[in-house]
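A short write-up of the structure that comes next.
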Amino acid sequence: MLEIRNLHVSIEDKKILNGLTLTVHDGEVAAIMGPNGSGKSTLSYVIAGKPDYEVLDGEILLDGQNVLELEAHERAAAGLFLAFQYPLEIPGVATMSFLKAAMNSQRKIRGEEEMATADFMKAVRAAADKLGIPQDMLRRGLNVGFSGGEKKRMEILQMALLAPNFCILDETDSGLDIDALKVVSEGVNALRDPKRAFLVITHYQRLLNYIVPDTVHVMAHGQVVKSGGKELALELEATGYADYKTLAA
């Protein structure tokens with residue numbers, strides 16, 4: 001599914017990723033944990049194609065294709081999805097219009113016909129009901145006036161509708177209370193599939209109580225310094241990151 005080889009990245013002449021190597025297989029939920037400044041969010045942005053980051057070396061392969069050769073919208077059409085830590089409010093852009101444009105844009109790039117309005121409405125309402133998103137939210141500007149939990153649910157709604165192959169969740173638990181965390185996690189778990197993989201970035205083990213990972217990777221100094229099973233997250237919760245900060249050269 002996703003293979004990252006010897007990835008070196010800088011921004012504004014500051015080196016962030018230092019030869020990072022990582023593989024996530026089909027159907028796998030991989031968690032990335034690590035202290036602030038370890039490069040976790042940078043990794044998500046570089047995979048998704050956010051500008052301003054300079055890739056100095058390395059490859060990011062999605063099903064064998066180097067996505068570094070693609071623009072951000074082409075990566076999305078190829079099956080990549082990034083749920084942001086802090087989703088933006090976009091005044092003046094209606095939520096339903098945004099969702100329809102996003103879906104049809106990807107369909108166009110893939111050579112598919114646009115979704116009929118009736119089919120689109122049916123799909124949105126069904127997905128929104130599962131995530132506890134009331135219809136009045138869908139009639140508002142995108143994320144405008146939404147709580148943190150509502151914004152995260154809206155991103156999971158986008159993910160459900162776009163049905164990507166590889167989903168990156170960048171600290172999606174940030175700012176969520178327990179009820180919102182459960183709703184968002186249930187939405188993610190409903191999308192788990194043998195042909196879909198997830199990269200879940202988080203500081204805390206609590207999210208992994210609800211989205212149980214197959215593997216856990218610890219980042220420090222822009223590298224993966226240790227990998228293990230889900231029990232590694234419990235170890236980190238108990239001992240913190242101090243022992244791992246010295247493992248990366």
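General remarks:
- Simple rule: put +1 on each Lys or Arg Cβ and -1 on each Asp or Glu Cβ in region 93-249, find the dipole, and look at 116, 210, 244; the Cα lying farthest toward the positive end is 116.
- Sorting 198, 81 from the fewest to the most surrounding beta carbons within 10 angstrom yields 81, 198.
- Point-charge dipole on Cβ atoms (K/R +1, D/E -1) for region 1-154, about Cα centre, debye to 20: 700
- Entries in 40/100; 14/230; 122/230; 100/152; 100/130; 15/151 that, when Cα-Cα distance is taken, lie over 26 Å: 40/100; 14/230; 122/230; 15/151
- When the Cα positions of 58, 82, 36 are compared along the charge dipole of region 31-92, 36 comes out farthest toward the positive end, with charges on each C-beta of Lys, Arg, Asp and Glu.
- Around residue 93: net Lys/Arg minus Asp/Glu count, Cβ-Cβ under 12 Å: +1
- 5 Å binning of all Cα-Cα separations within region 100-235, expressed as whole percents from 0 upward: 2, 9, 17, 19, 19, 14, 9, 6, 3, 1
- Global geometry of region 34-80, whether rounded, prolate or oblate, following the gyration tensor of its Cα atoms and the 1.5 cut on a/c: prolate
- Bridgeable aspartates and glutamates around residue 195 (alpha carbons under 14 Å apart, same-chain partners fewer than 8 residues away excluded): 26, 28, 63.
- Summed residue charge, Cβ within 14 Å of residue 8's Cβ, Lys/Arg positive, Asp/Glu negative: -1
- The Kirkwood hydrodynamic radius of the chain, based on inverse pair distances between different Cα atoms, is 18.7 Å.
- Three-way shape call for region 134-194 based on the alpha-carbon gyration tensor, with the a/c threshold at 1.5: oblate
- Converting phi to 3J(HN,Hα) with the Karplus coefficients 6.51, -1.76 and 1.60 and the offset θ = phi - 60°, region 217-224 yields 10, 9, 9, 7, 6, x, 9, 7 Hz in sequence order, with x at every glycine or proline.
- Sorted on the mean count of surrounding Cβ atoms within 10 Å across their residues, most packed first, peptides 89-97, 19-27, 111-119 read 19-27, 89-97, 111-119.
- The chain: calculated mean residue ellipticity at 222 nm from DSSP helix runs of at least 4, using -39500 (n - 2.57): -10500 deg cm²/dmol
- Reported to the nearest whole Å, the Cα centre-to-centre distance from region 194-238 to region 1-52 is 14.
- Shape analysis of region 188-249 places it in the prolate category; the axes a ≥ b ≥ c from the Cα gyration tensor give an a/c of at least 1.5, with a/b above b/c.
- Neighbour count of at most 10 Cβ within 10 Å plus DSSP loop: longest trypsin sites (Lys or Arg not before Pro)-free window in the chain: 1-109
- Neighbour net charge for residue 129 - beta-carbon separation under 12 angstrom, K R +1, D E -1: +4
Laboratory data are not the source of any read-out in this text; all were calculated from the coordinates shown. Bear in mind that the values here come from a model prediction, so they are computed numbers and not experimental data. In this analysis, Cβ positions are derived from the backbone assuming ideal geometry, glycine residues included, and neighbour counts consider all displayed protein chains.
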